[in-house]
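The values are calculated or read from the model by the stated rules, or taken from the named source; none is laboratory data. Since this is a predicted model, take the numbers as computed values, not measurements. Note that we place each Cβ from the backbone using ideal geometry, even for glycine, and neighbour counts take in every protein chain shown.
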């Protein structure tokens, strides 16, 4: 427990940090009705507020009609967000695992380099890293005459996986450091090599400890994928703006449109958060 | 400073490394301005989010069930939705429904500027996290402290202000620090609603000069600098307000 807390491992958020197991059950049942109320309120405003609207090209639909009409497209965009988040998470976790282990390497240069890389990518803003990848990576890669196109969304995946990599590295390091040294010593006395000890003794025990912060990170990544709209990847938020333009750019539609996006993300991320909290309680290391 | 500017111009002429935001007067002025807007955005949102956190954590211990539920709903709504969409929702969505007001020169302008919307939105976002952080800190304060204070005749508010909050603050300082660092890194979302902060200005410069690589490196360094500044400040605060026996390090 102590090492787990001292290592600046699961640092990207506040979820359950330092919270104790006997916390009172929080009544969160209100969250959903409240969001729905916000959605309905904005719809109502939009319905009554037509005086502000500019002359629309298309025949004027009510807000519910508009949302109903565009929901399939927006949900398609949301799926694209999920694809980006899954891709970035896969790449970031794969590389981050090695980065985390490299931070505990016995070779000093490897250790120092892994630490520097982790610190840089953990402390730089996600949006800037995304910009850097989208603008600086080539739009196609040429390998032995074979031209592989490298579209914007693939660059976005790379852009998101950089901070994920650093954060996963920290999660791995924190988890490995939280394993009691007795485990290492017993593995050693049983004749395991360092690699074998990692593979068969240490890492399997780490998975439990890494799962909650990893899921936290996934939820954060999913919410960050909307940043890709800023650099022009056609995900949910980009499609939202386009849908609004197609409806004649009625400004009173923007609130319900974005409220719809918010609700989608909430419905996806809230259960993940609850599940994470549950796992955190379940796997909590008793002192 | 002229020799320095000349040297960077010379660097560009000889090597092609175009650090125009140093040697060009116009670009330097707007870069500095952008940096200070980022700083302003960071400082104000940090302060506001801390206020939201302290007040929210107090309200969360209220006797009124509905007040507690509203706070819980606020926390989970803001924690589980993307900050960028929150920003869009506030700026484009709600901004449209607010009345327009007359500014100093008598013109009709929106009630909140884009910078103000960014401050509001980001403060609420980070504030929701801060409430949770303070709550976990408050839970770590031993109940015997509260009982002792009650025995000494402190009121509920006095206990919160003078006993539990100061102790909780020391306990949760590490996770609070992480959240504030995150907040500083998130301020550049204001780019999306055209607040002329550091990233926005840099984007303007690299669009004009096509020196994306140099500007990108500069932006990253500037943010790393800001983050390290904040971390150093937090470490200093942690050292100054340290009470032996309270906090996370001494406990182990």
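Each residue in region A:94-106 was checked for being crowded, with 21+ Cβ neighbours inside 10 Å and assigned to a helix (DSSP H, G or I), and 3 pass.
Test residue A:231 against the stated conditions and say whether it is closer than 30 Å to residue A:71 by Cβ, crowded, with 22+ Cβ neighbours inside 10 Å, within 14 Å of chain B (Cβ to nearest Cβ) and touching a residue at least 24 places away in the same chain (Cβ under 8 Å).
Against the criterion (closer than 30 Å to residue A:71 by Cβ, crowded, with 22+ Cβ neighbours inside 10 Å, within 14 Å of chain B (Cβ to nearest Cβ) and touching a residue at least 24 places away in the same chain (Cβ under 8 Å)), residue A:231 does not qualify.
The requirement of being touching a residue at least 12 places away in the same chain (Cβ under 8 Å) and more than 25 Å from the chain's Cα centre (by Cα) is satisfied by residue B:145.
Of the residues in region A:107-121, how many are buried (at least 21 other Cβ atoms within 10 Å of the Cβ) and within 15 Å of residue B:222 (Cα to Cα)? Of the residues in region A:107-121, 1 are buried (at least 21 other Cβ atoms within 10 Å of the Cβ) and within 15 Å of residue B:222 (Cα to Cα). Checking the structure you have, find out if any residue of region B:201-209 is surrounded by 20 or more Cβ atoms within 10 Å (Cβ to Cβ) and away from chain A (no Cβ under 11 Å). Taking every residue of region B:201-209 in turn, at least one turns out to be surrounded by 20 or more Cβ atoms within 10 Å (Cβ to Cβ) and away from chain A (no Cβ under 11 Å).
One line per residue, one yes/no per condition, for (1) away from every other protein chain (no Cβ under 12 Å); (2) under 19 Å from residue B:181 (Cβ atoms); (3) without any contact (Cβ under 8 Å) to a residue 40 or more places away in the chain:
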{"residue": "B:47", "(1), (2), (3)": "yes, yes, yes"}
{"residue": "B:56", "(1), (2), (3)": "yes, no, no"}
{"residue": "B:65", "(1), (2), (3)": "no, no, yes"}
{"residue": "B:73", "(1), (2), (3)": "no, no, yes"}
{"residue": "B:78", "(1), (2), (3)": "no, yes, no"}
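In this structure, residue B:146 does not qualify as surrounded by fewer than 22 Cβ atoms within 10 Å (Cβ to Cβ) and in contact with a strand residue (DSSP E or B) (Cβ under 8 Å, 6 or more places away or on another chain).
Kindly indicate which of B:231, B:212, B:227, B:219 is in contact with a helix residue (DSSP H, G or I) (Cβ under 8 Å, 6 or more places away or on another chain), within 10 Å of another protein chain (Cβ to nearest Cβ), at pLDDT 90 or above and surrounded by fewer than 20 Cβ atoms within 10 Å (Cβ to Cβ).
Testing whether each residue is in contact with a helix residue (DSSP H, G or I) (Cβ under 8 Å, 6 or more places away or on another chain), within 10 Å of another protein chain (Cβ to nearest Cβ), at pLDDT 90 or above and surrounded by fewer than 20 Cβ atoms within 10 Å (Cβ to Cβ) leaves just B:231.
In summary, helices (runs of 4 or more DSSP H) completely within region A:109-190 and bearing 3 or more residues that are under 30 Å from residue A:205 (Cα atoms) and away from chain B (no Cβ under 13 Å) occur at A:152-177, A:181-189. Yes or no: residue B:230 within 26 Å of residue B:120 (Cα to Cα) and in a helix (DSSP H, G or I)? Against the criterion (within 26 Å of residue B:120 (Cα to Cα) and in a helix (DSSP H, G or I)), residue B:230 qualifies. Listed by first and then second residue, the pairs with beta-carbon distance under 7 Å, at least 6 apart or on different chains, first residue in region B:85-110 and within 11 Å of chain A (Cβ to nearest Cβ), second loosely packed, with under 12 Cβ neighbours inside 10 Å and part of a strand (DSSP E or B), are B:100/B:108.
Please verify whether residue B:19 is touching a helix residue (DSSP H, G or I) at 6+ places or on another chain (Cβ under 6 Å) and under 30 Å from residue B:139 (Cα atoms), treating the condition exactly as stated. Spelling it out, it is not the case that residue B:19 is touching a helix residue (DSSP H, G or I) at 6+ places or on another chain (Cβ under 6 Å) and under 30 Å from residue B:139 (Cα atoms). With respect to the conditions (1) in a loop (DSSP other than H, G, I, E, B); (2) within 12 Å of chain B (Cβ to nearest Cβ); (3) touching a helix residue (DSSP H, G or I) at 6+ places or on another chain (Cβ under 9 Å), residue A:276 falls short on a single one, namely (1). Quick check, is residue B:171 in contact with a helix residue (DSSP H, G or I) (Cβ under 8 Å, 6 or more places away or on another chain) and within 24 Å of residue B:85 (Cα to Cα)? Judged against the criteria, residue B:171 is not a match.
Looking at residue B:163, is it away from every other protein chain (no Cβ under 14 Å) and in contact (Cβ under 8 Å) with a residue 60 or more places away in the chain? Quick ask: steps written out before the conclusion?
Numbers: away from every other protein chain (no Cβ under 14 Å): yes; in contact (Cβ under 8 Å) with a residue 60 or more places away in the chain: no.
No; evaluated as a whole, the condition is false for this residue.
Checked against (1) surrounded by 16 or more Cβ atoms within 10 Å (Cβ to Cβ); (2) at pLDDT 90 or above; (3) farther than 29 Å from residue A:127 by Cα, residue A:193 passes all but condition (1).
The set of residues in region B:184-199 that are surrounded by fewer than 24 Cβ atoms within 10 Å (Cβ to Cβ) and either outside any helix (DSSP H, G or I) or more than 11 Å from every other protein chain (Cβ to nearest Cβ) (or both) comprises B:194, B:196.
For residue A:181, the criteria (1) modelled with pLDDT under 90; (2) surrounded by 14 or more Cβ atoms within 10 Å (Cβ to Cβ); (3) under 26 Å from residue A:283 (Cβ atoms) hold in every case but one, which is (2).
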